1. For the chain, with a Gaussian network of springs between Cα atoms less than 10 Å apart, report the residue from 60, 47, 103 with the top mean-square fluctuation.
2. Full-extension gain between residue 105 and residue 32, please, as 0.36 nm times their residue separation minus the C-alpha to C-alpha distance.
3. Please give, to one decimal in nm, the separation of the simple spin-label points placed at residue 117 and residue 78, each 7 Å out from Cα toward the Cβ.
4. Using R₀ = 35 Å, calculate the FRET efficiency as 1/(1 + (r/R₀)^6) where r is the Cβ-Cβ separation of residue 6 and residue 98; round to 0.05.
5. Taking only the alpha-carbon positions of the chain and ignoring solvent, what does the Debye formula give for the base-10 log of I(q)/I(0) at q = 0.09, 0.17, 0.19 Å⁻¹?
Amino acid sequence: MNDEPHAEELLRAVERFLERDVVPNLQGVPRFHARVAANVVAMVAREIETEAEHQAGEWERLGALLDEAGALPDGREARRQALRARNATLVDRIRAGAADGGEVRRRVLAHLRRTVDDKMAVSRPPRQRE
């Protein structure tokens, strides 16, 4: 682990530089490309900033849906693999018809809505600044 500044802070500094110093001094296609670059940097920063919280929420919701206990593993790749495994189990149950109606369907849909909302919060660009 590195000392400060952290990755998120470095990304936010690049985003500010692009938005404040580069974008206003460009026109046309280069301006568009600089704005795209600033949005990509911001999206990566948002992913880093929210990843642990979003993964923990998804893990808990999946655990409740699947009636599986256990802590979310440590380590980025271990968390991703564990979430993929739980999601694969949920997919198998959905394919088997376990969520076709009733309370289970409602709970699965609520989980999916929240998971998509979390993902959209990462990819959604901030309001345009002009």
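1. Taking springs between Cα atoms under 10 Å, the residue moving most is 103.
2. Working: separation 73, 0.36 × 73 = 26.28 nm, distance 4.31 nm.
Once the chain is fully extended between residue 105 and residue 32, it gains 22.0 nm.
3. Calculated label separation equals 3.0 nm.
4. On the way: r = 42 Å, r/R0 = 1.20.
Calculated value: 0.25.
5. Each listed q corresponds, in turn, to -0.40, -0.92, -1.03.
Every number in this text was worked out from the coordinates using simple rules, so none of it is lab data. Not measured: the values here are computed from a predicted model. Note that each Cβ is placed from the backbone with ideal geometry, even for glycine, and that neighbours are counted across all protein chains shown.
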